[in-house]
Amino acid sequence: MKNRMISGLGAVVMGSLIAFGPQFFFEICKPMANGRWMKCHWTGQAEIGVGLLIVALGVLLLLFSSEKVRLGLSLSLAFTGGLALAFPHALIGGCEMATMPCRKVAFPSLTVIGVLTVVGFAVNAFYLHRKRPMQVPMQVPMQIPMKARQS
């Protein structure tokens with residue numbers, strides 16, 4: 001119960017920060033003079049979807065008590081945290097200049113939160129796997145019916 005509450009609430013907090021951080025807390029760049037958005041805006045929009053997915057998985061982590069289900073949810077949270085890391089660094093990116101607000105505040109914050117998500121839920125998955133090892137069912141040898149005796 002304790003692990004379930006800590007990991008579930010942790011996922012909800014991490015997902016909320018990833019989803020709403022670039023919108024409200026971490027500064028991203030404003031539109032250009034011609035009204036077009038820079039790449040960091042689209043990274044922030046993509047992070048909304050990833051963050052909300054992390055929140056949803058965290059709520060499921062709170063609801064399910066089965067260790068096997070929580071193991072699967074923890075693994076999916078670790079991979080989703082990797083996706084949150086990939087948007088600003090590999091998939092979409094951001095502004096070229098290092099002095100822009102997205103490079104100074106938003107991307108480092110998203111990196112820290114993403115790494116904490118990946119590492120935290122990979123450790124949680126390892127903990128859940130080691131806590132109670134999954135048992136492999138025994139295979140029962142196939143019984144061959146005996147032929148009727150001929151007299």
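Looking at this structure, is Val123 of a type in the set (Val, Ile, Thr) and within 30 Å of Lys30 (Cβ to Cβ)?
Details: of a type in the set (Val, Ile, Thr): yes; within 30 Å of Lys30 (Cβ to Cβ): no.
So Val123 fails the test.
Pick out the one residue from Glu47, Glu27 that is among the charged types (D, E, K, R), in contact with a helix residue (DSSP H, G or I) (Cβ under 7 Å, 6 or more places away or on another chain) and modelled with pLDDT of 90 or more. Before the answer, list the steps.
Working: Glu27 fails: modelled with pLDDT of 90 or more.
Exactly one of Glu47, Glu27 is among the charged types (D, E, K, R), in contact with a helix residue (DSSP H, G or I) (Cβ under 7 Å, 6 or more places away or on another chain) and modelled with pLDDT of 90 or more, namely Glu47.
What pairs can you find where one residue is in the stretch 53-65 and farther than 16 Å from Thr117 by Cβ, the other is assigned to a loop (DSSP other than H, G, I, E, B), and their Cβ atoms are less than 9 Å apart, with a gap of 6+ or different chains?
Ser65/Met1
Applying the selection to the stretch 74-100, what residues are out of contact with any helix residue (DSSP H, G or I) (no Cβ under 8 Å at 6 or more places or on another chain) and more than 21 Å from Ala11 (Cβ to Cβ)?
Ala90, Glu96, Thr99
All but one of (1) free of Cβ contacts under 8 Å to residues at least 40 places away in the same chain; (2) surrounded by 15 or more Cβ atoms within 10 Å (Cβ to Cβ); (3) within 15 Å of Asn124 (Cβ to Cβ); (4) more than 11 Å from the chain's Cα centre (by Cα) hold for Gly8; state the number of the condition that does not hold.
(1)
Name the one entry in Leu62, Leu52 that is out of contact with any Phe, Trp or Tyr (no Cβ under 9 Å at 6 or more places or on another chain) and over 19 Å from Thr111 (Cα atoms).
Working: Leu52 fails: over 19 Å from Thr111 (Cα atoms).
Answer to the selection: Leu62.
Report the residue count in the stretch 22-52 for those that are buried (at least 21 other Cβ atoms within 10 Å of the Cβ) and either small (Gly, Ala, Ser) or over 18 Å from Ala86 (Cα atoms) (or both).
Kept after step one, since they are buried (at least 21 other Cβ atoms within 10 Å of the Cβ), are these residues of the stretch 22-52: 22, 26, 28, 40, 43-44, 47, 50-51.
With either small (Gly, Ala, Ser) or over 18 Å from Ala86 (Cα atoms) (or both) added as a condition, the list becomes 44, 51.
Of the residues in that region, 2 qualify.
So, Thr99, is that one more than 26 Å from Lys30 (Cα to Cα), without any contact (Cβ under 8 Å) to a residue 60 or more places away in the chain and among the β-branched types (Val, Ile, Thr) or not? Show your work before the answer.
Working: more than 26 Å from Lys30 (Cα to Cα): no; without any contact (Cβ under 8 Å) to a residue 60 or more places away in the chain: yes; among the β-branched types (Val, Ile, Thr): yes.
Answer is no for this residue.
Would you confirm whether or not the stretch 57-71 contains a residue that is under 18 Å from Arg103 (Cβ atoms), among the aliphatic types (A, V, I, L, M) and either in contact with a Lys or Arg (Cβ under 9 Å, 6 or more places away or on another chain) or buried (at least 16 other Cβ atoms within 10 Å of the Cβ) (or both)?
No, that holds for no residue.
Go through Ala56, Ala19, Ala33, Ala98 for me and flag whichever is farther than 30 Å from Lys131 by Cα, out of contact with any Ser or Thr (no Cβ under 7 Å at 6 or more places or on another chain) and modelled with pLDDT of 90 or more.
Working: Ala56 fails: farther than 30 Å from Lys131 by Cα; Ala33 fails: modelled with pLDDT of 90 or more; Ala98 fails: modelled with pLDDT of 90 or more.
Sole residue among the options that is farther than 30 Å from Lys131 by Cα, out of contact with any Ser or Thr (no Cβ under 7 Å at 6 or more places or on another chain) and modelled with pLDDT of 90 or more: Ala19.
The values are calculated or read from the model by the stated rules, or taken from the named source; none is laboratory data. Since the structure is predicted, the reported quantities are computational estimates derived from the model, not experimental observations. Positions of Cβ are backbone-derived with ideal geometry, glycine not excepted, and every protein chain shown enters the neighbour counts.
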